[in-house]
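S.K.: My questions all concern the structure below.
The values are calculated or read from the model by the stated rules, or taken from the named source; none is laboratory data. These numbers were taken from a predicted model, which means no experiment stands behind them. Note that each Cβ is placed from the backbone with ideal geometry, even for glycine, and that neighbours are counted across all protein chains shown.
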Ligand SMILES: [Zn+2]
(Lines give C-alpha, C1' and ligand atoms only; values in the text may rest on other atoms or scores of the structure.)
Protein backbone atom coordinates (compact mmCIF):
# COMPACT_ATOMS: atom_id res chain seq x y z
CA UNK A 1 0.00 0.00 0.00
CA UNK A 2 2.78 2.39 0.89
CA UNK A 3 4.53 1.64 -2.37
CA UNK A 4 1.33 2.25 -4.28
CA UNK A 5 0.79 5.57 -2.49
CA UNK A 6 4.35 6.64 -3.25
CA UNK A 7 3.90 5.88 -6.95
CA UNK A 8 0.70 7.89 -7.09
CA UNK A 9 2.29 10.80 -5.30
CA UNK A 10 5.32 10.78 -7.59
CA UNK A 11 3.00 10.58 -10.58
CA UNK A 12 1.62 14.03 -9.68
CA UNK A 13 5.04 15.60 -10.22
CA UNK A 14 6.64 13.20 -12.67
CA UNK A 15 3.82 11.63 -14.66
CA UNK A 16 4.33 7.94 -15.37
CA UNK A 17 5.01 7.32 -19.04
CA UNK A 18 4.76 4.23 -21.19
CA UNK A 19 8.43 3.21 -21.61
CA UNK A 20 7.76 2.22 -25.22
CA UNK A 21 5.92 5.22 -26.71
CA UNK A 22 6.23 7.92 -24.02
CA UNK A 23 2.49 8.44 -23.60
CA UNK A 24 1.37 9.39 -20.09
CA UNK A 25 -0.26 6.42 -18.38
CA UNK A 26 -1.76 5.64 -14.99
CA UNK A 27 0.54 5.75 -11.96
CA UNK A 28 0.58 1.97 -11.61
CA UNK A 29 0.37 0.99 -15.26
CA UNK A 30 3.38 -0.53 -17.01
CA UNK A 31 2.69 0.18 -20.67
CA UNK A 32 -0.12 1.99 -22.48
CA UNK A 33 -2.93 -0.13 -23.89
CA UNK A 34 -1.71 0.13 -27.48
CA UNK A 35 1.84 -0.91 -26.64
CA UNK A 36 0.61 -3.71 -24.41
CA UNK A 37 -1.21 -5.09 -27.45
CA UNK A 38 1.84 -4.75 -29.69
CA UNK A 39 4.37 -6.45 -27.39
CA UNK A 40 5.19 -10.09 -28.09
CA UNK A 41 5.27 -12.35 -25.06
CA UNK A 42 8.24 -14.72 -25.02
CA UNK A 43 7.41 -17.68 -27.19
CA UNK A 44 10.66 -19.62 -27.32
CA UNK A 45 11.93 -22.70 -25.52
CA UNK A 46 15.50 -21.73 -24.81
CA UNK A 47 17.65 -23.76 -22.48
CA UNK A 48 20.62 -22.70 -20.37
CA UNK A 49 23.04 -25.53 -19.67
CA UNK A 50 23.14 -26.33 -15.95
CA UNK A 51 20.04 -24.26 -15.12
CA UNK A 52 16.76 -25.66 -13.79
CA UNK A 53 14.87 -23.62 -16.38
CA UNK A 54 14.71 -20.45 -18.43
CA UNK A 55 12.00 -17.98 -19.19
CA UNK A 56 11.61 -14.43 -20.46
CA UNK A 57 8.83 -11.87 -20.46
CA UNK A 58 9.11 -10.74 -24.10
CA UNK A 59 10.61 -11.70 -27.41
CA UNK A 60 13.18 -9.02 -28.20
CA UNK A 61 11.84 -7.17 -31.24
CA UNK A 62 11.29 -3.58 -32.36
CA UNK A 63 8.19 -3.23 -30.14
CA UNK A 64 10.07 -3.64 -26.85
CA UNK A 65 13.36 -2.01 -27.93
CA UNK A 66 12.55 1.53 -26.69
CA UNK A 67 11.81 0.21 -23.19
CA UNK A 68 15.16 -1.63 -23.08
CA UNK A 69 16.93 1.50 -24.30
CA UNK A 70 15.33 3.56 -21.51
CA UNK A 71 16.13 0.87 -18.96
CA UNK A 72 19.82 0.86 -19.88
CA UNK A 73 20.07 4.63 -20.09
CA UNK A 74 18.18 5.32 -16.91
CA UNK A 75 16.19 8.13 -18.41
CA UNK A 76 12.81 6.72 -17.46
CA UNK A 77 12.13 5.24 -14.06
CA UNK A 78 9.14 3.37 -15.36
CA UNK A 79 11.16 1.02 -17.59
CA UNK A 80 12.43 -1.09 -14.68
CA UNK A 81 8.98 -1.04 -13.09
CA UNK A 82 7.34 -2.17 -16.33
CA UNK A 83 9.90 -4.78 -17.38
CA UNK A 84 10.55 -6.19 -13.90
CA UNK A 85 6.84 -6.35 -13.25
CA UNK A 86 6.12 -8.09 -16.53
CA UNK A 87 8.81 -10.70 -15.82
CA UNK A 88 7.52 -11.30 -12.30
CA UNK A 89 4.01 -11.79 -13.69
CA UNK A 90 5.33 -14.23 -16.27
CA UNK A 91 7.01 -16.32 -13.56
CA UNK A 92 3.84 -16.24 -11.47
CA UNK A 93 1.73 -17.34 -14.43
CA UNK A 94 4.13 -20.17 -15.26
CA UNK A 95 4.29 -21.19 -11.62
CA UNK A 96 8.05 -21.51 -11.97
CA UNK A 97 10.70 -20.35 -9.56
CA UNK A 98 8.08 -19.70 -6.87
CA UNK A 99 10.22 -21.67 -4.42
CA UNK A 100 13.32 -19.56 -5.06
CA UNK A 101 15.12 -18.43 -1.91
CA UNK A 102 16.80 -15.39 -3.42
CA UNK A 103 16.75 -13.31 -6.59
CA UNK A 104 20.23 -12.62 -7.92
CA UNK A 105 20.77 -9.96 -10.59
CA UNK A 106 23.46 -10.48 -13.24
CA UNK A 107 26.36 -8.34 -11.99
CA UNK A 108 28.19 -5.58 -13.83
CA UNK A 109 31.85 -4.73 -13.36
CA UNK A 110 32.17 -2.11 -10.61
CA UNK A 111 33.69 0.51 -12.89
CA UNK A 112 30.81 0.07 -15.36
CA UNK A 113 28.24 0.52 -12.59
CA UNK A 114 30.05 3.67 -11.55
CA UNK A 115 30.00 4.99 -15.13
CA UNK A 116 26.36 4.19 -15.74
CA UNK A 117 25.25 5.05 -12.24
CA UNK A 118 23.29 1.83 -11.77
CA UNK A 119 23.01 -1.80 -12.84
CA UNK A 120 19.75 -2.28 -14.72
CA UNK A 121 19.52 -5.93 -13.63
CA UNK A 122 19.54 -4.80 -10.00
CA UNK A 123 16.60 -2.48 -10.71
CA UNK A 124 14.71 -5.35 -12.30
CA UNK A 125 15.56 -7.74 -9.46
CA UNK A 126 14.31 -5.25 -6.88
CA UNK A 127 11.03 -4.78 -8.69
CA UNK A 128 10.60 -8.56 -8.99
CA UNK A 129 11.46 -8.95 -5.32
CA UNK A 130 8.68 -6.56 -4.37
CA UNK A 131 6.10 -8.46 -6.42
CA UNK A 132 7.24 -12.03 -5.76
CA UNK A 133 8.11 -11.52 -2.09
CA UNK A 134 11.52 -13.13 -2.61
CA UNK A 135 14.54 -11.21 -1.30
CA UNK A 136 17.00 -9.85 -3.84
CA UNK A 137 20.67 -10.40 -3.03
CA UNK A 138 22.77 -7.99 -5.05
CA UNK A 139 26.03 -9.20 -3.52
CA UNK A 140 25.73 -12.93 -4.11
CA UNK A 141 27.80 -12.80 -7.28
CA UNK A 142 30.19 -10.15 -8.57
CA UNK A 143 31.96 -9.44 -11.82
CA UNK A 144 35.64 -9.49 -10.98
CA UNK A 145 37.12 -8.14 -14.17
CA UNK A 146 36.26 -6.07 -17.16
CA UNK A 147 35.24 -7.92 -20.34
CA UNK A 148 34.68 -6.90 -23.93
CA UNK A 149 31.10 -6.01 -24.81
CA UNK A 150 29.40 -9.31 -25.64
CA UNK A 151 27.55 -7.81 -28.60
CA UNK A 152 30.87 -7.28 -30.39
CA UNK A 153 31.76 -10.96 -30.24
CA UNK A 154 30.68 -14.11 -32.02
CA UNK A 155 29.13 -17.05 -30.20
CA UNK A 156 32.36 -18.85 -29.26
CA UNK A 157 34.26 -15.71 -28.28
CA UNK A 158 31.41 -14.74 -25.97
CA UNK A 159 31.98 -17.80 -23.81
CA UNK A 160 35.76 -17.39 -23.78
CA UNK A 161 35.38 -13.69 -22.96
CA UNK A 162 33.46 -14.49 -19.77
CA UNK A 163 35.60 -17.33 -18.42
CA UNK A 164 36.61 -16.50 -14.85
CA UNK A 165 34.90 -13.10 -14.99
CA UNK A 166 32.42 -13.85 -12.18
CA UNK A 167 32.79 -14.93 -8.57
CA UNK A 168 30.00 -16.00 -6.23
CA UNK A 169 30.08 -15.59 -2.45
CA UNK A 170 29.65 -19.16 -1.14
CA UNK A 171 28.13 -18.06 2.17
CA UNK A 172 25.39 -16.22 0.31
CA UNK A 173 24.50 -18.92 -2.20
CA UNK A 174 25.20 -22.26 -0.52
CA UNK A 175 22.11 -24.47 -0.51
CA UNK A 176 19.96 -21.70 -2.04
CA UNK A 177 17.49 -22.00 -4.89
CA UNK A 178 18.40 -19.01 -6.98
CA UNK A 179 16.36 -16.99 -9.43
CA UNK A 180 18.98 -15.38 -11.67
CA UNK A 181 17.77 -12.32 -13.60
CA UNK A 182 19.13 -10.25 -16.46
CA UNK A 183 17.68 -7.72 -18.89
CA UNK A 184 18.38 -9.39 -22.23
CA UNK A 185 19.50 -12.86 -23.17
CA UNK A 186 21.11 -13.29 -26.59
CA UNK A 187 23.18 -16.47 -26.84
CA UNK A 188 22.89 -17.29 -23.15
CA UNK A 189 26.67 -17.11 -22.53
CA UNK A 190 26.39 -14.77 -19.56
CA UNK A 191 23.63 -16.75 -17.86
CA UNK A 192 25.40 -20.03 -18.53
CA UNK A 193 28.65 -18.78 -17.01
CA UNK A 194 26.84 -17.29 -14.00
CA UNK A 195 24.85 -20.49 -13.49
CA UNK A 196 28.07 -22.54 -13.49
CA UNK A 197 29.74 -20.20 -10.99
CA UNK A 198 26.69 -20.26 -8.66
CA UNK A 199 26.39 -24.06 -8.79
CA UNK A 200 30.15 -24.44 -8.22
CA UNK A 201 29.78 -22.24 -5.15
CA UNK A 202 27.12 -24.52 -3.68
CA UNK A 203 23.79 -23.16 -4.97
CA UNK A 204 21.09 -25.85 -4.87
CA UNK A 205 19.63 -24.73 -8.20
CA UNK A 206 19.55 -21.80 -10.59
CA UNK A 207 16.53 -20.71 -12.59
CA UNK A 208 17.23 -18.06 -15.24
CA UNK A 209 14.82 -15.28 -16.18
CA UNK A 210 15.25 -12.35 -18.56
CA UNK A 211 13.07 -9.46 -19.58
CA UNK A 212 13.74 -10.19 -23.26
CA UNK A 213 15.10 -13.05 -25.33
CA UNK A 214 16.46 -12.36 -28.79
CA UNK A 215 15.22 -14.67 -31.53
CA UNK A 216 17.21 -17.86 -31.65
CA UNK A 217 17.28 -20.75 -34.05
CA UNK A 218 19.32 -22.73 -31.58
CA UNK A 219 16.74 -23.80 -29.06
CA UNK A 220 18.36 -26.77 -27.43
CA UNK A 221 21.82 -25.48 -26.74
CA UNK A 222 23.22 -22.29 -25.36
CA UNK A 223 26.75 -21.43 -26.30
ZN1 LIG B 1 2.88 2.98 -25.25
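S.K.: Under the condition of being in a helix (DSSP H, G or I) and free of Cβ contacts under 8 Å to residues at least 12 places away in the same chain, which residue from segment 93-132 is farthest from residue 146 (Cα to Cα)? Even if it seems obvious, please write down each step before you answer.
M.R.: Step one: list which residues in segment 93-132 are in a helix (DSSP H, G or I), which gives 93-94, 110-116, 120-132.
In the following step, the residues that additionally are free of Cβ contacts under 8 Å to residues at least 12 places away in the same chain were identified as 93, 113-115.
On the way: 93: 36, 113: 11, 114: 13, 115: 13 Å.
Going through the qualifying residues, I end up with 93.
S.K.: Looking at (1) closer than 20 Å to residue 89 by Cβ; (2) more than 13 Å from the ligand (Cβ to nearest atom), which is the one condition that is false for residue 26?
M.R.: Looking at each condition in turn, residue 26 falls short on (2).
S.K.: Considering 69, 109, which residue is more than 13 Å from the ligand (Cβ to nearest atom), surrounded by fewer than 21 Cβ atoms within 10 Å (Cβ to Cβ) and under 27 Å from residue 206 (Cβ atoms)? Quick ask: steps written out before the conclusion?
M.R.: Details: 69 fails: under 27 Å from residue 206 (Cβ atoms).
Of the residues listed, the single one that is more than 13 Å from the ligand (Cβ to nearest atom), surrounded by fewer than 21 Cβ atoms within 10 Å (Cβ to Cβ) and under 27 Å from residue 206 (Cβ atoms) is 109.
S.K.: Being within 16 Å of residue 103 (Cα to Cα), free of Cβ contacts under 8 Å to residues at least 60 places away in the same chain and in contact with a strand residue (DSSP E or B) (Cβ under 7 Å, 6 or more places away or on another chain) narrows it down to one residue among 165, 140; which is it? Before the answer, list the steps.
M.R.: Details: 165 fails: within 16 Å of residue 103 (Cα to Cα).
Of the residues listed, the single one that is within 16 Å of residue 103 (Cα to Cα), free of Cβ contacts under 8 Å to residues at least 60 places away in the same chain and in contact with a strand residue (DSSP E or B) (Cβ under 7 Å, 6 or more places away or on another chain) is 140.
S.K.: Suppose we filter 197, 142 for residues that are part of a strand (DSSP E or B) and more than 14 Å from the chain's Cα centre (by Cα); which single one remains?
M.R.: Details: 197 fails: part of a strand (DSSP E or B).
Among 197, 142, only 142 is part of a strand (DSSP E or B) and more than 14 Å from the chain's Cα centre (by Cα).
S.K.: Let me ask something else. Within segment 56-77, identify whether any single residue is modelled with pLDDT of 90 or more, over 27 Å from residue 17 (Cβ atoms) and assigned to a loop (DSSP other than H, G, I, E, B), and answer yes or no.
M.R.: No.
S.K.: Let me confirm something: among 191, 180, which residue is at pLDDT 95 or above, under 20 Å from residue 43 (Cα atoms) and part of a strand (DSSP E or B)? Even if it seems obvious, please write down each step before you answer.
M.R.: On the way: 191 fails: part of a strand (DSSP E or B).
Just a single option satisfies the conditions, and that option is 180.
S.K.: Could you list, in sequence order, the residues of segment 19-39 that are touching a strand residue (DSSP E or B) at 6+ places or on another chain (Cβ under 9 Å), part of a loop (DSSP other than H, G, I, E, B) and at pLDDT below 95?
M.R.: As a first pass, look at segment 19-39 and keep what is touching a strand residue (DSSP E or B) at 6+ places or on another chain (Cβ under 9 Å): 23-25, 32, 39.
Still in the list and also part of a loop (DSSP other than H, G, I, E, B): 23, 25, 32, 39.
Result: 23, 25.
S.K.: Test residue 51 against the stated conditions and say whether it is more than 23 Å from residue 189 (Cβ to Cβ), more than 12 Å from the ligand (Cβ to nearest atom) and touching a helix residue (DSSP H, G or I) at 6+ places or on another chain (Cβ under 7 Å). Please lay out each step first, then the result.
M.R.: Details: more than 23 Å from residue 189 (Cβ to Cβ): no; more than 12 Å from the ligand (Cβ to nearest atom): yes; touching a helix residue (DSSP H, G or I) at 6+ places or on another chain (Cβ under 7 Å): yes.
Answer is no for this residue.
S.K.: For segment 144-165, indicate whether the set of residues that are crowded, with 21+ Cβ neighbours inside 10 Å, within 24 Å of residue 111 (Cβ to Cβ) and at pLDDT 95 or above is non-empty.
M.R.: no
S.K.: To continue, here is another question. How many of the residues making up segment 40-77 are touching a strand residue (DSSP E or B) at 6+ places or on another chain (Cβ under 8 Å) and touching a residue at least 60 places away in the same chain (Cβ under 8 Å)?
M.R.: In the first step, residues of segment 40-77 are kept if they are touching a strand residue (DSSP E or B) at 6+ places or on another chain (Cβ under 8 Å); the result is 40-44, 46-48, 50-60, 64, 68, 71-72, 76.
Now restrict to residues that are touching a residue at least 60 places away in the same chain (Cβ under 8 Å): 42, 44, 46-48, 50-60, 64, 68, 71-72.
Count: 20.
S.K.: Let me confirm something: among 43, 38, 63, which residue is surrounded by fewer than 19 Cβ atoms within 10 Å (Cβ to Cβ), over 23 Å from residue 194 (Cα atoms), more than 15 Å from the chain's Cα centre (by Cα) and away from the ligand (no atom under 16 Å from the Cβ)?
M.R.: On the way: 38 fails: away from the ligand (no atom under 16 Å from the Cβ); 63 fails: away from the ligand (no atom under 16 Å from the Cβ).
Exactly one of 43, 38, 63 is surrounded by fewer than 19 Cβ atoms within 10 Å (Cβ to Cβ), over 23 Å from residue 194 (Cα atoms), more than 15 Å from the chain's Cα centre (by Cα) and away from the ligand (no atom under 16 Å from the Cβ), namely 43.
S.K.: Kindly establish whether residue 99 is modelled with pLDDT under 95 and in contact with a strand residue (DSSP E or B) (Cβ under 7 Å, 6 or more places away or on another chain). Quick ask: steps written out before the conclusion?
M.R.: Details: modelled with pLDDT under 95: yes; in contact with a strand residue (DSSP E or B) (Cβ under 7 Å, 6 or more places away or on another chain): yes.
It is true that residue 99 is modelled with pLDDT under 95 and in contact with a strand residue (DSSP E or B) (Cβ under 7 Å, 6 or more places away or on another chain).
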